[in-house]
Each structure stands twice: as structure tokens, then as C-alpha cells.
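Down below is the structure, laid out as C-alpha cells.
The values are calculated or read from the model by the stated rules, or taken from the named source; none is laboratory data. None of these values were measured; they are calculated from a predicted model. Cβ sites come from the backbone with ideal geometry, for glycine too, and all protein chains shown count toward neighbours.
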Amino acid sequence: MTKILSSETDMFYEIIWLDNKIIKVSWYEKTDKKHILTVKGKLKTCTCPMCGKKTKKRNGLHEVTMVPLWKHLLLSDGNMIELRIVRRTFRCSDCNVSFMEKFYFEAERWERTKAFDDFVKFSRWHMSWSQISRNTQCSPWTIHDILKDIDDNALNKRWLEIMNELKEIYLGIDEHSFRGRDMVLVITDIKAKKVLAVLNDTTNNTLSGWFNGLSEEIKNKIKWISTDMNKWYKNVAEKNIPGIVWTVDKYHLVQEANRMVDDVRLMTIRLIKKWFMTEEDFIKRKNVSSKMIKKKENSKI
């Protein structure tokens, strides 16, 4: 256990996303994959939740340590910063109501901060929900509670502004998965190198619904589409945009060509070993087979 000294610079508070003028970190603990910070308030006044007036009157020296620890931030090394919240109690001088102080960084639900909610919302673009749950060491229900109100269709509509600004559109359609789970469909503009949409699944109905949401002006800008060697996406695009040019991603062509070359190489090696053996190879193989026969006879004895 290490105590945070008063001589610590403001850089420490900037790293952990806390305001040094309002919050004081009194203790720091390091455990397995956790950094635990004990957090207290520094202001001498507090706003009453009933009448909205500020008061300095303390309800004695009573302090309440919140349980459990609050999720705050996930560091790049995989360690989680968790906060041990210590609240002071105040009594309003006007309405005589006793209450505990509340901090600015608290989320709507207890046990996590606003910074943690923002981190989860950002991580959803490159991690699955289950992976976020494992990395942050919290339950899947907590992740669901944070992400349940996000409307992916509303986010996809924001990308329509990018398509309106482009003069020509060259679509790239491909799947993306997180270690074989949560397969999504990513639509990009290959030449502009911009993401245009991320669809929740790879079904034809979902992709067709996205094409139906495009205006005729945007559809006329689409010059061609590039997909893998699967023709399903090509058929959906042709139904919505007749006469569109379809190309196959060069990566998939090179990958298929390399696979065929490897197959031919293996077949050639097998034929050479089987039908074009030299006299030395034949003698070696004969000696090996005779040794194997002797080993089997000795084991039977």
C-alpha cells in the first residue's frame, strides 16, 4: 500500500481523469490487475439535493465508504483502475436535511463512473460485448446496461453525410468478427478510405435494408462494389442498384492463387517421392522398414 503524497503533480490526476481541485486521492493500492484509489472530496461546501443551496455545515465527522469498488478506467497494460469512494455527510442549514455529498464523475448507476461508460461505448467498435466484459472484469449485464440505449441505425445515418460529400463512391463490403463471434458487416469507401456503415449481422435482409435507406442521388454516385468471392452481396447490390459493376477483392484472389500453388506443390512432391525414387532412397527406405520389422518381432518376444 502506497500513500499519495501532497507533492504529487497535476499530471497524476490528468492521467486518471479526475479534477485535482475537487477530488483528493488519499491512498493508492496495487493488486493483481487492479489499481485501487481511495477518493475523497476537497470542497468545504456541498449543494443540498432538496433546496439546491450550498451549505458548509457538516453532520459531525461521519464519513461513509461506498462498497463495492467503482469501475473507472482500463489501462493499456490490462490493469483496471477502481475507486474506493469515501463520502462526507452534510446537514442543510435551511431545510435541516441530512445528506451525503455526490461527485461530478458518477454515472447514472452506482458502481461505475462516467469515464468507464465512455470507455465501454468506445470499445464496442473494436471489441465484442463479451470481450469488453472480460477485460473490464465486470458482468455482461453491466455492459448491456451501458450499451442498450445506443441506436446503431442512428449512427449509420450519420455516415450518410460522408456519402453526400463524396463525388464518387467505391463500396467495399466485407465481414468482420471478433475471434469468430459477433460477426458484423463493414461497409467502406475503398478510395476515400472511410467507414460508411457497420451492420449488426451479415444477412441479406440487413444489407438490403441498408441499400434501401440510400437516396437515389447517393446510389447514382456508386460506381462499383468490391466483395470477397461470395456472390450473395453482389446479388443484393444488383437488386437495389441495377447494372452496378462488381469486382472481387485482390486480397482474396491472391489468397486463392497461393492456396492453389501450395496444393500443386504438395502434389508434385508426393509424386516425386512415390514414382521417382533413386537407388539410394530405395536402399534407405528398405533399411528403415527392416528395422521396424525387427522392433515389432522383439516387442512380441
Restricting the first residue to segment 140-157 and requiring it to be at negative phi, which pairs with a second residue that is among the aromatic types (Phe, Trp, Tyr) and at pLDDT below 80 meet a Cβ separation below 8 Å and a spacing of at least six or different chains?
Pro140/Trp129; Ile143/Trp129; His144/Trp129; Leu147/Trp129
Just name the residue that is nearest to Glu175 (Cα to Cα) out of those in segment 216-236 that are of a type outside the set (Val, Ile, Thr) and either in contact (Cβ under 8 Å) with a residue 40 or more places away in the chain or assigned to a strand (DSSP E or B) (or both).
Asp228
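Name the one entry in Ile169, Ile150, Ile132 that is aliphatic (A, V, I, L, M), in contact with a helix residue (DSSP H, G or I) (Cβ under 8 Å, 6 or more places away or on another chain) and loosely packed, with under 12 Cβ neighbours inside 10 Å. Steps first, answer last, please.
Working: Ile169 fails: loosely packed, with under 12 Cβ neighbours inside 10 Å; Ile132 fails: loosely packed, with under 12 Cβ neighbours inside 10 Å.
Residue meeting the stated conditions: Ile150.
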Give the residues of segment 237-252 that are without any contact (Cβ under 8 Å) to a residue 12 or more places away in the chain and within 20 Å of Ile218 (Cα to Cα), sorted by residue number.
Glu238, Pro242, Gly243
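I'd like the residue in segment 70-87 that is surrounded by fewer than 18 Cβ atoms within 10 Å (Cβ to Cβ) and in contact with a strand residue (DSSP E or B) (Cβ under 7 Å, 6 or more places away or on another chain) and, out of all such residues, is nearest to Cys138 (Cα to Cα).
Taking segment 70-87 and keeping what is surrounded by fewer than 18 Cβ atoms within 10 Å (Cβ to Cβ), we get 75-79, 86.
Still in the list and also in contact with a strand residue (DSSP E or B) (Cβ under 7 Å, 6 or more places away or on another chain): 75, 79, 86.
Numbers: Leu75: 15, Asn79: 13, Val86: 22 Å.
Among them, the one singled out is Asn79.
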If Val120 passes every condition in (1) touching an Asp or Glu at 6+ places or on another chain (Cβ under 9 Å); (2) outside any loop (DSSP other than H, G, I, E, B); (3) not assigned by TED's automatic domain parsing to the domain that holds Tyr13 but one, which one does it miss?
(1)
Being surrounded by fewer than 18 Cβ atoms within 10 Å (Cβ to Cβ) and assigned to a strand (DSSP E or B) is the filter; apply it to segment 185-202 and report the residue that is modelled with the highest pLDDT.
Val186
Examine segment 105-124 for a residue that is more than 30 Å from Lys56 (Cα to Cα), buried (at least 18 other Cβ atoms within 10 Å of the Cβ) and among the polar types (S, T, N, Q), and state whether such a residue exists.
yes
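Results for (1) of a type outside the set (Asp, Glu); (2) modelled with pLDDT of 80 or more; (3) in a loop (DSSP other than H, G, I, E, B); (4) touching an Asp or Glu at 6+ places or on another chain (Cβ under 6 Å), shown as yes or no for each residue.
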site	(1), (2), (3), (4)
Glu8	no, no, yes, no
Leu18	yes, yes, yes, no
His35	yes, yes, no, no
Thr38	yes, yes, no, no
Val67	yes, no, yes, no
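For segment 72-105, which positions are free of Cβ contacts under 8 Å to residues at least 12 places away in the same chain and assigned to a strand (DSSP E or B)? Full working, then the answer.
Kept after step one, since they are free of Cβ contacts under 8 Å to residues at least 12 places away in the same chain, are these residues of segment 72-105: 76-77, 96.
Of everything in segment 72-105, nothing turns out to be free of Cβ contacts under 8 Å to residues at least 12 places away in the same chain and assigned to a strand (DSSP E or B).
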